[in-house]
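Visitor: Got a structure for you, questions after.
The values are calculated or read from the model by the stated rules, or taken from the named source; none is laboratory data. Computed from a predicted structure; not experimentally measured. Using ideal geometry, Cβ is built from the backbone for each residue, glycine included, and neighbour counts are taken over all protein chains shown. Side chains are part of the model used for accessible areas, which takes the heavy atoms of the whole protein and leaves out ligands, DNA and RNA. Shrake-Rupley method; radii C 1.70, N 1.55, O 1.52, S 1.80 Å.
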Number of protein chains: 2
Amino acid sequence: MNERVGYIGLGLMGRPIALNLLHAGYPLAVYARRESVLRPLIDAGATSYSSPQALAAQCDVIITNVSDSCDVEEVVLGEQGVIHGARAGSVVIDMSTISPGVTRTAAQQLAEKGVEMLDAPVSGGTVGAETGTLSIMVGGKADVFERLRPLFEVIGKNITHVGGSGAGQVAKACNQLIVAQMMAAIGEAFVLAEASGVEPRKVRAALMGGFAGSRILEVHGRRMLEHDFLPGFKASLHQKDLHIVREAAAECEVTLPGTELVSGYLDALIDSGQGELDSAALVTVLEQRNGVMLNKTP
Amino acid sequence: MNERVGYIGLGLMGRPIALNLLHAGYPLAVYARRESVLRPLIDAGATSYSSPQALAAQCDVIITNVSDSCDVEEVVLGEQGVIHGARAGSVVIDMSTISPGVTRTAAQQLAEKGVEMLDAPVSGGTVGAETGTLSIMVGGKADVFERLRPLFEVIGKNITHVGGSGAGQVAKACNQLIVAQMMAAIGEAFVLAEASGVEPRKVRAALMGGFAGSRILEVHGRRMLEHDFLPGFKASLHQKDLHIVREAAAECEVTLPGTELVSGYLDALIDSGQGELDSAALVTVLEQRNGVMLNKTP
């Protein structure tokens, strides 16, 4: 029989993942502060609980999918947190993108109660969540991961056990710093082309098949050239993730100058009140600083 | 009947391209200073000439494939240069990676003699040259490009007419600045992972299928993790190309901070006497500055 799963954090990512688990036959318990968020899940057959603690007491697996490190601390370790209800032998899977350090602390405290924890941040956006094709980067004990592999396979396609507790978060941090720097590099290329009197969209086409090609050039390159900044993935969330990168870098005493550079672009974008745009909008900072506009509609 | 093609610059890239043209049935004239470079081409049926000028007088299309802007200036515009021999109606194709500004100057001077010029830098390395699968970024008149499309199709696969004279070089500059920054971003990710106690090779595996994935992560990511820096594409040549990027940026008054950053890594690598390594070796600069080693053989 499938594990009884509790889901906390039913936002843009959490809701479609929870529904996929429900449709795959996992009995589902849910918790949220707002009734409106719970309704579609309850209609689909989930049972709602009044606190993370109450939910955890009834579940074999508790998935958290919230916004930031402090949210995970609250729902897992807080006053009515998962830790106070979870039974020995149950597993917490945190699918949020948070600090590797906070992850390790939570895992340690849960371990003292006999509760396992996997960090399992994802990449692939709401489309990946809906279609069950997310990339999942997992940290924690290998045997716990293997036991829950069937559950992960409902949620995603490219599922990698990266290492011990926090390793999934480190991989996600790496993902986010690479994506941000790829976008900034593509932005520099387009700005150079435009300022040189060459059409950036032709440069994009010329580069797609070669070594400079990538899904970022394809998807976010197009966004940049059309100024199509409806998210997607919000700049404010990407900036939050780069904050996690910088924190993690500081903790292990490494310096990441490229990450610092693109963090500055996202800061400037957010300071100008545009944090709700897709993070590809960081190109507008490069445009403004260089007096160039890429989306010249004919 | 195929155009009679003259080829100047028979190095690692030029030789296989010239041989492909010969095998495709193009009568081939060649020029090189060194007999040893000419020999394999002459053995395959090419005719050698004593100067670029003498070669140009006998050809419909003259391809130059040399190292740098000053080499193009010499073989095209110099004392015994192509310009003094080329007939009105013939076409110079420069496949070197050089400055867009020098390209436009050469094209203008050739135009005064009724000689057309296309800039057609390539991407794809010696393997792409040998297999006829290069990406080719073409600048110059569209009708001249269309007329010579069959010749380009012998040489490459992803062939894009980007715009007027110099536009091919601008696209190549964009290619090179993006590739360099992607390598540096991947380097930062691996350094962060290693310093955090997470295996970078597992991070690479986790990221391959997602948005941070690319051929650079696949090919150069592996090079970085194995310290396999046999070129490939030499750091000294990548630095030369970034010099072209910076020149082009200065000419149109744009600032490219990410390009400046990675140029600094290549400078440091070359200053330490390692310019002959593949440019992926720029990761060693990040390793050294952070006291981290990626290629820990078990």
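Visitor: Please specify each residue of segment A:78-133 satisfying the condition of being of a type in the set (A, V, I, L, M) and outside any helix (DSSP H, G or I).
Guide: Matches in segment A:78-133: A:86, A:88, A:91, A:92, A:93, A:95, A:98, A:115, A:117, A:118, A:120, A:122.
Visitor: Residue A:111: more than 9 Å from every other protein chain (Cβ to nearest Cβ), free of Cβ contacts under 8 Å to residues at least 12 places away in the same chain and either closer than 24 Å to residue A:263 by Cβ or open to solvent by 10 Å² or more (accessible area, probe 1.4 Å) (or both), yes or no?
Guide: In short, yes.
Visitor: Residue by residue through segment A:251-290, note down the ones that are touching a residue at least 12 places away in the same chain (Cβ under 8 Å) and assigned to a loop (DSSP other than H, G, I, E, B).
Guide: Of everything in segment A:251-290, those that are touching a residue at least 12 places away in the same chain (Cβ under 8 Å) and assigned to a loop (DSSP other than H, G, I, E, B) turn out to be A:256, A:274, A:275, A:276, A:277.
Visitor: Now, a different point. Give me a count of the residues in segment A:208-222 that are within 20 Å of the chain's Cα centre (by Cα) and either outside the structural domain of residue A:176 (by TED's automatic domain parsing) or of a type in the set (Lys, Arg) (or both).
Guide: 1
Visitor: Now for a different question. Confirm whether residue A:165 is in contact (Cβ under 8 Å) with a residue 60 or more places away in the chain, open to solvent by 20 Å² or more (accessible area, probe 1.4 Å) and among the hydroxyl-bearing types (Ser, Thr, Tyr).
Guide: So residue A:165 passes the test.
Visitor: Please note which strands (runs of 3 or more DSSP E) are completely contained in segment B:1-67 and include at least 1 residues that are in contact with a helix residue (DSSP H, G or I) (Cβ under 7 Å, 6 or more places away or on another chain) and of a type in the set (Lys, Arg).
Guide: Per the criteria, no element qualifies.
Visitor: With respect to residue B:18, is the statement that it is assigned by TED's automatic domain parsing to the domain that holds residue B:123, under 13 Å from residue B:86 (Cβ atoms), of a type in the set (A, V, I, L, M, F, W, C) and open to solvent by less than 10 Å² (accessible area, probe 1.4 Å) true?
Guide: No: the conditions fail for residue B:18.
Visitor: Test of understanding: among A:233, A:211, which residue is within 7 Å of chain B (Cβ to nearest Cβ) and modelled with pLDDT under 95?
Guide: A:211
Visitor: Shifting gears a bit: In this structure, is residue A:236 open to solvent by less than 10 Å² (accessible area, probe 1.4 Å) and in the same structural domain as residue A:183 (by TED's automatic domain parsing)?
Guide: For residue A:236, the condition - open to solvent by less than 10 Å² (accessible area, probe 1.4 Å) and in the same structural domain as residue A:183 (by TED's automatic domain parsing) - is not met.
Visitor: Still on this model: Check segment B:164-183 and report whether any residue there is in contact with a Cys (Cβ under 9 Å, 6 or more places away or on another chain), of a type in the set (A, V, I, L, M, F, W, C) and not in a strand (DSSP E or B).
Guide: no
Visitor: Somewhere in segment A:31-54, is a residue in contact with a Leu (Cβ under 7 Å, 6 or more places away or on another chain) and closer than 24 Å to residue A:138 by Cα?
Guide: Within segment A:31-54, one or more residues are in contact with a Leu (Cβ under 7 Å, 6 or more places away or on another chain) and closer than 24 Å to residue A:138 by Cα.
Visitor: Give segment B:67-104 a look and list any residue that's free of Cβ contacts under 8 Å to residues at least 40 places away in the same chain, within 16 Å of residue B:138 (Cα to Cα) and open to solvent by 20 Å² or more (accessible area, probe 1.4 Å), or say none.
Guide: Matches in segment B:67-104: B:102 only.
Visitor: Looking only at residues in segment B:180-207 that are touching a residue at least 40 places away in the same chain (Cβ under 8 Å), open to solvent by 10 Å² or more (accessible area, probe 1.4 Å) and at the interface with chain A (Cβ under 7 Å from one of its Cβ atoms), which one is nearest to the chain's Cα centre (by Cα)?
Guide: B:181
Visitor: Being within 30 Å of residue A:293 (Cα to Cα), in contact with a helix residue (DSSP H, G or I) (Cβ under 7 Å, 6 or more places away or on another chain) and open to solvent by 10 Å² or more (accessible area, probe 1.4 Å) is the filter here; which residues of segment B:257-285 pass it?
Guide: Within segment B:257-285, B:257, B:261 meet the criteria.
Visitor: Among (1) open to solvent by 10 Å² or more (accessible area, probe 1.4 Å); (2) within 10 Å of chain B (Cβ to nearest Cβ), there is one condition residue A:131 misses while meeting the rest; what is its number?
Guide: With (1) open to solvent by 10 Å² or more (accessible area, probe 1.4 Å); (2) within 10 Å of chain B (Cβ to nearest Cβ) applied to residue A:131, the lone miss is (2).
Visitor: Here is a further query. Look at residue B:152 and say whether it is more than 8 Å from chain A (Cβ to nearest Cβ), under 27 Å from residue B:233 (Cα atoms), not in a loop (DSSP other than H, G, I, E, B) and not charged (D, E, K, R).
Guide: The answer is yes for residue B:152.
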